[in-house]
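Take this structure first; my questions come after.
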Amino acid sequence: MKILQINNYNYLKGGSEKVYQESIKLLIKNGHQVNYFSISSPYDDIICEGKSIEVNLWKDAKNIIEKIKAVRNFIYNRKVAYELDQYLRLNRPDVAHLHIFYGTLSNSVVDILKKHRIPMVQTVHEFRLLCPCYTCLTPSLNICEHCASTIFKLPCIYKKCIKSNLPMSLIAALECFVRDRFFNYQKEIAAFIMVSQFIMNKHLQYYPKISSKCIQIYNSVDVAIYKRYSIPGRDKENYYLYLGRLSYEKGVRTLIDVFIKNPNLKLKIAGTGPADDELKKLILQSNASNIEFLGFVSGELLYRTIAFARYTMVPSEWYENNPLSVIESLALGTPVIGSRIGGIPELIEHGCNGFLHEARSEDSLCKVLRQAEQLTLKEYEVMCEYSQQIAFEKFDNEIYYEKLITLYKRIINNE
């Protein structure tokens with residue numbers, strides 16, 4: 001089968017890029033011809049043949065003329081349309097798998113694929129169909145779904161949801177309006193892969209007509225690789241680990257406040273992000289010697305850091321969908337403590353492979369930490385073993401592949 005994978009970026013910028021890259025590797029491993037289409041970057045990971053193109057981004061615009069062009073390109077990039085059209089004339093795939101393409105590759109991708117009558121699958125990594133800023137959060141980090149039921153996305157504009165910036169919020173709302181009016185994904189895309197039951201239910205709440213096009217498939221990892229780095233529960237070190245983006249919707253501030261109040265518990269933080277400096281300043285002011293920043297960690301060092309952790313922490317305060325950090329942790333035999341929001345409760349069985357607490361609640365998180373600390377060594381070892389068992393049964397690459405290839409065949413045959 002010939003498959004074209006499409007994503008804005010062709011390097012590990014975030015969790016969605018990892019899913020995009022792992023999908024390519026898995027399909028190639030199983031004998032399929034896979035190509036990619038993305039914008040070009042000096043950080044590109046070339047893991048298969050494909051096409052990357054230079055795109056002028058909004059942040060690079062230096063004058064008013066360039067900014068106007070950047071707005072147009074954000075909505076519909078003519079250069080992308082031309083390049084994709086030319087590419088498809090020479091390299092026609094059986095199916096196109098879309099990831100995050102809007103705003104950079106733009107709506108032109110859907111337009112050109114439709115022109116060439118290539119069936120499209122989209123993995124829905126976030127809430128862009130419902131919310132112009134894709135997070136369903138206001139600038140004050142409150143959950144908001146007001147735009148999901150409006151045509152013009154006015155709440156995004158008057159709340160200045162995009163970086164508290166009125167022009168940027170207006171542009172994002174305009175892009176969503178043009179998309180829904182002229183490049184309707186719900187109509188043109190043959191199937192939507194929903195990465196959690198939560199995100200599927202949330203989309204069907206506002207777009208019930210796409211129910212026949214939706215399939216729920218969890219993100220996955222190669223559990224066998226992760227098993228090489230796992231260690232028995234009795235050999236783990238006595239620290240909790242947060243890994244991921246340092247931003248307030250991830251609940252990192254709440255997490256740090258809790259560990260400041262529990263100086264007997266050690267927390268390690270792996271990652272970088274916009275809240276990096278403020279969080280480090282908070283810890284210095286609090287004289288919290290039990291909290292350590294590791295910075296950006298990847299590869300084998302990251303695997304070992306997770307494997308030796310007593311628990312990993314996912315204290316998100318937004319509609320987290322299907323965080324790979326949870327799946328990776330379980331595959332390494334490390335239980336997870338996460339907030340009861342979004343798709344997280346689908347991954348964590350309370351008391352079996354981790355614990356759940358209420359989002360934004362320090363009291364609830366403290367209570368769960370006490371529960372975690374009270375486990376006997378035997379109980380904890382059982383929890384570690386069950387974590388890895390669940391990863392193999394529900395989140396292994398082979399399970400993902402079988403569901404993915406079945407979906408491809410279905411839409412190619414127009415079933």
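Using a 10 angstrom cutoff on alpha carbons, build the Gaussian network for the chain and name the most mobile of L365, L255, L282.
L282
Report the gain in length on full extension from L57 to L294: 0.36 nm times residue separation, minus Cα-Cα distance, nm rounded to one decimal.
In short, 82.2 nm is gained.
Project the alpha carbons of the stretch 171-305 onto their principal axes and report the range along each, largest first, in whole Å.
Rounded to whole Å, the extents work out to 55, 40, 24 Å.
Given a cut-off of 28 Å, name the pairs among K159/K213; K2/K213; K2/K153; K153/K250 whose C-alpha atoms lie farther apart than that in the structure shown.
Going by Cα-Cα distance, K159/K213; K2/K153 fall outside the 28 Å limit.
Name the residue, out of Q285, Q371, Q33, whose mean-square fluctuation peaks in a Gaussian network model built on the chain with Cα pairs under 10 Å.
Q285
Here's a follow-up. Could you give the size of the charge dipole of the chain about its Cα centre, using +1 on the Cβ of each K and R and -1 on the Cβ of each D and E, expressed in debye and rounded to the nearest 20?
For the chain, the charge dipole is close to 1220 debye.
Follow-up question, since we're still on this one. Given the convex hull over the Cα atoms of the chain, what projected area results after averaging over all orientations, in nm²?
19.9 nm²
When the gyration tensor of the stretch 26-150 is built from Cα positions, what are the square roots of 5 times its three eigenvalues, in whole Å, from largest to smallest?
Whole-Å semi-axes of the equivalent ellipsoid: 27, 20, 15.
Can you list the DSSP H helices in the chain whose Cα atoms extend at least 18 Å along the helix axis and whose mean Kyte-Doolittle hydropathy is -0.5 or higher?
Membrane-span-like by this rule: 15-29, 166-182, 397-412.
Now, a different point. May I ask you to derive the FRET efficiency for K409 and E358 from their Cβ-Cβ distance with R0 = 56 Å, giving the value to the nearest 0.05?
So the FRET efficiency works out to roughly 0.85.
Less than 18 Å from a label point 7 Å out along the Cα-to-Cβ axis of S286: which backbone N atoms in the stretch 315-333 qualify, by residue?
Residues passing the 18 Å test: 315-317.
Related question: If you take the beta carbon distance between D257 and H350 as r and set R0 to 25 Å, what does 1/(1 + (r/R0)^6) give as a FRET efficiency, to the nearest 0.05?
0.65
Between N165 and K394, how high is the FRET efficiency from 1/(1 + (r/R0)^6) when r is the Cβ-Cβ distance and R₀ = 30 Å? Nearest 0.05.
My answer for the efficiency is 0.15.
Send over the Kirkwood Rh of the stretch 223-394, from the inverse of the averaged 1/r over different Cα pairs, rounded to one decimal Å.
In the stretch 223-394 this quantity evaluates to 15.8 Å.
Once you put a point 7 Å from the Cα of N201 and another 7 Å from the Cα of K29, both along the Cβ direction, what distance in nm separates them?
So the two model labels end up 3.1 nm from each other.
Name the shape class, rounded, prolate or oblate, that the alpha-carbon gyration tensor gives for the stretch 131-182, where a ≥ b ≥ c are the square roots of its eigenvalues, rounded holds for a/c under 1.5, and otherwise prolate holds if a/b is larger than b/c and oblate otherwise.
Oblate, since a/c reaches 1.5 and b/c is not below a/b.
Follow-up. Starting from the Cα of R304, step 7 Å toward the Cβ, then list every residue of the stretch 319-342 with an amide N under 13 Å from that point.
none
Taking the Cα centre of the stretch 1-104 as the origin and placing charges on Cβ (Lys, Arg +1; Asp, Glu -1), which of H99, I68, S38 is farthest toward the positive end of the dipole?
Most positive-ward Cα: I68.
Please enumerate, by chain and number, the lysines with C-alpha under 18 Å from the C-alpha of K367, excluding those fewer than 8 residues away in the same chain.
Filter leaves K261, K266.
Cβ under 15 Å from Q197's Cβ, Q197 left aside: what net charge do those residues give with Lys, Arg +1 and Asp, Glu -1?
So the surrounding residues net to +1.
Follow-up. Using every pair of alpha-carbon atoms in the stretch 293-415, split the distances into 5 Å bins beginning at 0 and state the percent of pairs per bin, rounded to integers.
2, 11, 18, 19, 18, 14, 7, 5, 3, 2, 1
Let me ask something else. Could you tell me which of the pairs K51/K409; K18/K268; K13/K59; K25/K67; K25/K51; K51/K227 are separated by over 28 angstrom between their Cα atoms in the structure shown?
Over 28 Å Cα-Cα: K25/K67; K51/K227.
Shifting gears a bit: Using the crude model of +1 on Lys and Arg Cβ and -1 on Asp and Glu Cβ, and no other charge, please compute the dipole size for the stretch 131-182 relative to its Cα centre, in debye to 20.
120 debye
With a point put 7 Å past each Cα toward its Cβ, work out how far H116 is from M1 in nm, to one decimal.
The modelled label-to-label distance comes out at 1.8 nm.
Let me ask you something else. Could you order the peptides 159-166, 383-390 from most to least packed, using the average number of other C-beta atoms within 10 Å per residue?
Most protected by this proxy first, the peptides run 383-390, 159-166.
Here, each number is a calculation from the coordinates, and none is a lab measurement. Model, not experiment: these values are computed from the prediction. Please note: Cβ atoms are built from the backbone with ideal geometry, for glycine as well, and neighbour counts cover all protein chains shown.
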